[in-house]
Structure formats: structure tokens, C-alpha cells
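A quick write-up on the structure given underneath.
The values are calculated or read from the model by the stated rules, or taken from the named source; none is laboratory data. The structure presented is a predicted model; accordingly, all values stated were derived computationally and were not measured. All Cβ positions, glycine included, derive from the backbone under ideal geometry; neighbour counts span all protein chains shown. For accessibility, only protein heavy atoms count, side chains too; no ligands or nucleic acids. Shrake-Rupley method; radii C 1.70, N 1.55, O 1.52, S 1.80 Å.
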Amino acid sequence: MATKLPKTDVVIVGVGWGGGIIASELTKGGLSVVGLERGKERKTEDYYMVHDELRYALRYEMFQDLSRETITFRGNEKIKALPMRSYGSFLLGDGLGGSGVHWNGQTFRFLPYDFEIKSKTIERYGKSKIPDGMTIQDWGITYDQLEPYFNKFEKMTGISGDENPLGGKRSEKYPTPPMKTTPGMKMFSDSCKGLNYHPYHMPSANLSEQYTNPDGIARAACQYCGYCERFGCEYGAKADPVVTVIPVAKNTGKFELRTHSNVRRILHKGGKATGVLYIDTTTGEEYEQPADIVVMTSYVFNNTRLLLMSNIGKPYDPKTGTGVIGRNYAYQVLKGAGVGFFEDKEFNIFAGAGSLGMCIDDFNGDNFDHKDLKFIHGANISYSQTGARPIQNNTVPPGTPTWGKDYKAATVKYANRHINVGAQGSCMPFRHHFLDLDPTYKDEFGDPLMRITFDFEDQDRELVKFMGAKCGDILKQMGADKVVANTELAPYEITTYQSTHNTGGVVMGSSPDTSAVNNYLQMWDTENLFVIGASAFAHNSGYNPTGTMGALSYRAAEGILKYHKNPGSLV
Ligand SMILES: Cc1cc2nc3c(=O)[nH]c(=O)nc-3n(C[C@H](O)[C@H](O)[C@H](O)COP(=O)(O)OP(=O)(O)OC[C@H]3O[C@@H](n4cnc5c(N)ncnc54)[C@H](O)[C@@H]3O)c2cc1C
Ligand code: SF4
């Protein structure tokens, strides 16, 4: 029998970027907030002497323990899904700050096209451009409506950057100047200009200079240590929830954080959430935390899984295309990329930062004509210098022996004589790509795992063919002696890392028939339940997700404060 605790204004499930932003905004607004995080407490001091590639990058020190909870995966409905028993395709956050602690900090705004993708595609190319089964939809919000919230997220995190010449209109400049320009970045930029493209610095949460944000939080400048992605920042330079929003919430005296608290159900009665049921994983004791408002910020998979396990919202049924929970799961298409080898140039790519690079959006969104192309949307193409670490940096030209003396000589020779140009491809939702509860496999508490049904489509294969060729052209323009461009896409598999940019499952929109939440991320049919994260994205864009997810979190926080004063639907 669960112990019932005193009621709070708001309970938050998971304390990463989503949970941290909600906690800081609501406590500043005077509400009492309990944050339940299943992982442990974290602080910057944990990362002194963090430069251990084996421990953090290869043995996944900071990630969810897959022996306790994982996901299952299958390529289509005809086959049985199997559990992801070791990390591959994506990595799952766990602990205070979630994945926001070990992210890279590449902080883009989705394009105006993204938010109105269906209308804009039909308007320019006609209905027939959208293939059968592709379930794109407008998001129920426009870029212009979301712009002030992008700005808020960028000021809180102190994003360093310059204007994207092909992006949506900005109301203000980035709060800090762009990061440094390395020789490799300059070559990329010059070559793109030579091809009449529009290069700009990758917007970065790594901080080009010391910065104090509007909440009074001061952070140091990035040291370009190169141990950023998969690592916590020992300088506190990288914006993460633990060094930005969580201290703000704590300082109000209105935030109670409980770590090692794993939420198993959202409790509800008569169409309203009443609180959550969770386990203290250090003692095994079960607690009920009642609340006036419940906010789910437990990432794409657990946002969807907890709703399904709690019988909230109508589960998505791929046979009829009805129902919303689990709908429009999408991923990312990263294989259209190229690598260039240089015989007489070295780039010192061991130095870098999580978000140090140059990029172009000439082939992203609808910034180019798709009339004669067999895909919609596109990709951000970039050269990023994130810090090539000694164990994983082994890129050699094709034809190099795979072991022995010659292999070793080639890895040494090319360690700093190659450049990767990558395309972060968008991913469209399809009727038969979805999330549901696995009928076989369970977590440590006996609850069903989240099951993913997903594969790449012709849309993705065409996109890779196109982007791979563009990356190859840029590398040739950069003067690489040998260029290897990948233009082929094999079926999706879950064993090699691609990106932790999963989206969908609890998507937003303007109709309860095709979306689970409105544009404040408030559930249509449970008005005091807000579901925050990239689970709300109705498709995935050609960028990293967190800038957009952060903007939506700020908007949701504003909505929750309004709702607390004046309950009811916010739209
Ligand atoms: C290696 C890596 C690099 C990345 N780089 C970038 C980048 O450069 N740019 C970018 O835009 N994005 C990047 N991302 C993605 C980015 O980190 C995420 O988009 C972002 O952190 C998501 O925030 P969130 O709050 O939605 O989820 P999370 O950060 O996953 O936080 C969710 C929290 O909820 C907790 N939780 C889950 N279930 C429960 C439960 N049942 N009970 C209690 N707590 C629970 C988890 O432990 C976790 O702490 C990267 C991700 C990874 C892994
Ligand atoms: S690269 Fe910069 S932001 Fe990233 S961990 Fe190192 S010092 Fe911190």
C-alpha cells in the first residue's frame, strides 16, 4: 500500500531540460513544485578529471541502466520486437539534468516551414507531393508565435551564434558571439560560399565567453576541451539544467527535489490527473504524491509509456490510424554524409567543443525546390569539430587493411587529416511507425517496456542520396585528395549510434483527433496534465531538437501558470 504524501501545487515527472525549465518558471511564479527524478543528484564537481573516454563515452557512465529498463524494437509489425540490451542507435538520459548534462549543446530553432509543414507543402507542390501513409500535420502553432520562447531559452542558456541567413526571423541577436572559427571551419565556410551557399556558425550552448543570464546565473567560457558529448562539463561552461534552471528553482525555496524516485503511474479520476505513484528506488517503498497539476517531462519514451500504462488518452491504432498516444514516432536520417582525406593538411581535430562548427541550411526545410525530387524537407549540412578522442577516432580511407601494421600506420596518418561533413536529415512520420507497450518484455518493476516500430522509407533513401552527394561536393570544393560520400541508406538498425533525437508519441496539433496535446502541451482530454518534450513534435526536422523543445517548455510553463489561476482549456 503506497504512503500518501501531502498535496503539492505541481508534481514533475523527470528533471532534465523539460523538468528543470518548468520547475524554475513555476516556482518563480509562486507555485510549490515537487520534482521526481528516477536517477541520482549531480553537480559540476562530479566532473573534475572527467576526460576518460572509456568510462564515459564507451561504457556509458551517465546513461540509463538498460538492465533495469530499456525499449524494444522491431522494423515492422510482422516481426517480434527484441529488447535493446546494450547501447547503440541512441542513448537514454538518467539522473538530475537528464541528457541535458551530457549533450553537445547544438541549439537550433526549427524552421517556419516545420510548424506548418502540411499546409506549406500542399500550397507549393500540391497534395500529391505527400505520399500515401505519410502522416505529416501542422503543429497548431506558427514559428512567429513560438519566437519569443526561442528567445527566452537562448537567453537562459546564453547561446553563442550568428544569424542563420536562411532561418526564421529573430527578434534579437544571440546573447553571446559565435564560437571560435578553426581552420577546418574556415575551409568549410569558404567552400560553401564558393558554391553560393550560406554558411553560419552552429548555434552553441558551450559559451564563447563568460555570460550572466537574466536569472543571474553566471557561467565560464568554454575551454574547447573536446570531452563534451557524453560528458558533463567540468567548467560549468556548457548550459545544462543543473547549472542553469535547477538552482533558480531551488533558490525560490519552493522546489522540492526527490531523486531515486521512479514514477510508475499517473493517477487520475473523472478526467483529471490527481497525482502520481512512484517508488523510492533506494528503499523499494511506494508513495503517492497528490498534486493539482501533473507535468510529464520524462522524455519521449516514458512520456508515452506512462500515459499508456496509466490508461490516459486513446492509444494509437496503426490499423485504423485512429487514437493518438504513440502516434507519429519519428527519428533522424544521418547517413547522407561524406568524409574527405587530405594528404598534406592537418586539422587538430582532437581539440573541439560539443557545438563547434559551421553549417548551411540551403538544403533544409523547403529552402530549395523539391518539384523534381522524391522527398520533402531536407537537412542541415555541417562540419562540426566536437573533439576527436583517441579511442573512437579511427577514420581511414576505403581499401586500408582492417588490421595489422598498415592499418595502424593509416590510423595515425589520417587521425588529423580527415574532415567529416554530415547532414542531419529530417524524418517524416508514417502511419506504420509508432510506439506502444511491448506485450512480452518488462522492466525491473514488472511494467511493460516501450516498443518502437520503425524503419526508413523511400523518402529517407532519396534524402540520403541527395544529401550525400551535396556533402561530397563541399568536400571536393574544400580540396580533399580523396572524397568518400555515402549516398545509400540501409534498413534502420539499432546497434550503431546515430543520434538521440527521437520524437513523437504525444504530439501537438490543433485537433484532438490527430494530436494528444494542444499548443501549450496541455492534454486535450485531461486538462491539468501537461506533457512536455520532443514527444510533442509531429515530425522531426533537419536539426537537433532541444532548442525547439526548450521553447515549447517555456510556452507550456506560461500556460501552466495561467491554468493555475484560471483552470480550463488554454486554447
Ligand atoms: C549524447 C547526446 C548528445 C546530444 N546532443 C544534443 C545537441 O547537441 N543538441 C540538441 O538539441 N540535443 C542533443 N541531444 C538531445 C538532448 O539531450 C535532449 O533533447 C534533451 O536533453 C531532452 O530533454 P528532456 O528533458 O525532454 O529529457 P531528458 O533529458 O531525457 O530528461 C528526462 C528525465 O526524466 C527522467 N525520467 C524518465 N522516466 C522517469 C520516471 N518514470 N520517473 C522519474 N524520472 C524519470 C530521466 O531519468 C531523465 O532525467 C543529445 C542527446 C545525447 C544523449
Ligand atoms: S568543450 Fe567546452 S562546454 Fe564542452 S565540456 Fe569542454 S569546456 Fe565544457
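Could you look through the stretch 367-388, keep only residues that are in contact (Cβ under 8 Å) with a residue 60 or more places away in the chain and of a type in the set (D, E, K, R), and pick out the one that is nearest to ligand 2 (Cβ to nearest atom)? Please lay out each step first, then the result.
Kept after step one, since they are in contact (Cβ under 8 Å) with a residue 60 or more places away in the chain, are these residues of the stretch 367-388: 367, 370-371, 373-388.
Filter again for of a type in the set (D, E, K, R), leaving 371, 374.
Details: 371: 42, 374: 39 Å.
Among them, the one singled out is 374.
Which residue out of 35, 88, 97 is at pLDDT below 95, over 15 Å from residue 301 (Cα atoms) and within 13 Å of ligand 1 (Cβ to nearest atom)?
When all the criteria are applied, what remains is 88.
Output the residues belonging to the stretch 341-391 that are acidic (Asp, Glu) and within 16 Å of ligand 1 (Cβ to nearest atom).
Listed by number, the list holds a single entry, 361.
Pick from the stretch 73-84 the residues that are assigned to a strand (DSSP E or B) and over 11 Å from residue 443 (Cβ atoms): which of them is most open to solvent (accessible area, probe 1.4 Å)?
Among those that are assigned to a strand (DSSP E or B) and over 11 Å from residue 443 (Cβ atoms), it is 82.
Scan the stretch 328-349 and tell me whether some residue there is within 16 Å of ligand 2 (Cβ to nearest atom) and either assigned to a loop (DSSP other than H, G, I, E, B) or over 30 Å from residue 167 (Cβ atoms) (or both).
Among the residues of the stretch 328-349, at least one is within 16 Å of ligand 2 (Cβ to nearest atom) and either assigned to a loop (DSSP other than H, G, I, E, B) or over 30 Å from residue 167 (Cβ atoms) (or both), which makes the answer yes.
Considering only the stretch 443-464, state which residues are part of a helix (DSSP H, G or I) and open to solvent by less than 40 Å² (accessible area, probe 1.4 Å).
Across the stretch 443-464, the qualifying residues are 459, 460, 463, 464.
Check the stretch 176-198 and report whether any residue there is within 15 Å of ligand 1 (Cβ to nearest atom) and open to solvent by 20 Å² or more (accessible area, probe 1.4 Å).
no
Return the residue satisfying two criteria in turn: it lies in the stretch 354-366 and is more than 16 Å from ligand 2 (Cβ to nearest atom) and in a strand (DSSP E or B), and of such residues it is farthest from residue 208 (Cα to Cα).
Ranking the qualifying residues of the stretch 354-366, first place goes to 360.
Only residues that are over 25 Å from the mean Cα position of the chain (by Cα) and either under 22 Å from residue 470 (Cα atoms) or not in a loop (DSSP other than H, G, I, E, B) (or both): list them for the stretch 317-327, please.
317, 322
When you look at residue 294, is it open to solvent by 20 Å² or more (accessible area, probe 1.4 Å) and within 23 Å of the chain's Cα centre (by Cα), yes or no? Before the answer, list the steps.
Working: open to solvent by 20 Å² or more (accessible area, probe 1.4 Å): no; within 23 Å of the chain's Cα centre (by Cα): yes.
No; evaluated as a whole, the condition is false for this residue.
If a residue must be open to solvent by 10 Å² or more (accessible area, probe 1.4 Å) and more than 17 Å from residue 179 (Cβ to Cβ), how many such residues does the stretch 343-387 contain?
The qualifying residues number 14.
Could you list, in sequence order, all residues of the stretch 92-124 that are under 19 Å from residue 541 (Cα atoms), away from ligand 2 (no atom under 16 Å from the Cβ) and open to solvent by less than 40 Å² (accessible area, probe 1.4 Å)?
108, 109, 110, 111, 113, 114, 115, 117, 121
Among 336, 326, 313, which is under 30 Å from residue 112 (Cβ atoms), at pLDDT below 95 and buried (at least 17 other Cβ atoms within 10 Å of the Cβ)?
336
Limited to the stretch 232-264, what total is found for residues that are more than 16 Å from ligand 2 (Cβ to nearest atom), of a type in the set (D, E, K, R) and within 24 Å of the chain's Cα centre (by Cα)? Write out each step before concluding.
Narrowing the stretch 232-264 to residues more than 16 Å from ligand 2 (Cβ to nearest atom): 245-264.
Within this subset, residues satisfying the condition of being of a type in the set (D, E, K, R) are 250, 254, 256, 258, 264.
The next check asks that each one be within 24 Å of the chain's Cα centre (by Cα); those that pass are 264.
Summing the residues that are more than 16 Å from ligand 2 (Cβ to nearest atom), of a type in the set (D, E, K, R) and within 24 Å of the chain's Cα centre (by Cα) in the stretch 232-264 gives 1.
Return the pairs, sorted by first residue and then second, in which the second residue is of a type in the set (A, V, I, L, M) and away from ligand 2 (no atom under 14 Å from the Cβ), the first residue lies in the stretch 203-214 and is open to solvent by 30 Å² or more (accessible area, probe 1.4 Å), the beta carbons are less than 6 Å apart, and the residues are 6+ apart or on different chains.
That search, which allows pairs on different chains as well, returns 212/218.
Using the structure shown, decide if residue 219 is open to solvent by less than 30 Å² (accessible area, probe 1.4 Å), within 22 Å of residue 46 (Cβ to Cβ), within 16 Å of ligand 1 (Cβ to nearest atom) and basic (Lys, Arg).
Taking the combined requirement at face value, the residue does not satisfy it.
Does residue 489 meet the test of being part of a helix (DSSP H, G or I) and away from ligand 2 (no atom under 16 Å from the Cβ)?
No: the conditions fail for residue 489.
Residue-by-condition table, conditions (1) modelled with pLDDT of 95 or more; (2) closer than 25 Å to residue 117 by Cα:
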| position | (1), (2) |
| --- | --- |
| 430 | yes, yes |
| 463 | yes, yes |
| 474 | yes, no |
| 478 | yes, no |
| 500 | no, yes |
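Could you please tell me which pairs satisfy a Cβ distance under 7 Å, a separation of 6+ or placement on different chains, a first residue in the stretch 279-305 that is of a type in the set (D, E, K, R), and a second residue that is surrounded by fewer than 24 Cβ atoms within 10 Å (Cβ to Cβ) and part of a loop (DSSP other than H, G, I, E, B)?
Here the result reads 280/260; 286/2; 288/2; 288/5; 292/528, each pair linking the stretch 279-305 to a residue that is surrounded by fewer than 24 Cβ atoms within 10 Å (Cβ to Cβ) and part of a loop (DSSP other than H, G, I, E, B).
With respect to the numbered conditions (1) in contact with a Lys or Arg (Cβ under 7 Å, 6 or more places away or on another chain); (2) surrounded by 23 or more Cβ atoms within 10 Å (Cβ to Cβ); (3) of a type in the set (A, V, I, L, M, F, W, C), which one is the sole condition not fulfilled by residue 517?
Checking residue 517 against (1) in contact with a Lys or Arg (Cβ under 7 Å, 6 or more places away or on another chain); (2) surrounded by 23 or more Cβ atoms within 10 Å (Cβ to Cβ); (3) of a type in the set (A, V, I, L, M, F, W, C), the one that fails is (1).
Looking only at residues that are among the aliphatic types (A, V, I, L, M) and crowded, with 20+ Cβ neighbours inside 10 Å in the stretch 58-72, which one is nearest to ligand 1 (Cβ to nearest atom)?
62
Of everything in the stretch 265-293 that's in contact with a Ser or Thr (Cβ under 8 Å, 6 or more places away or on another chain) and aliphatic (A, V, I, L, M), which residue is farthest from ligand 2 (Cβ to nearest atom)?
267
Tell me, which residue of the stretch 226-253 that is buried (at least 20 other Cβ atoms within 10 Å of the Cβ) and not in a loop (DSSP other than H, G, I, E, B) is farthest from ligand 1 (Cβ to nearest atom)?
Only one residue fits best here, namely 248.
Within the stretch 261-271, which residues are touching a strand residue (DSSP E or B) at 6+ places or on another chain (Cβ under 9 Å) and either within 9 Å of ligand 1 (Cβ to nearest atom) or without any contact (Cβ under 8 Å) to a residue 40 or more places away in the chain (or both)?
Applying the first criterion (touching a strand residue (DSSP E or B) at 6+ places or on another chain (Cβ under 9 Å)) to the stretch 261-271 yields 261-268.
Result: 261, 262, 263, 264.
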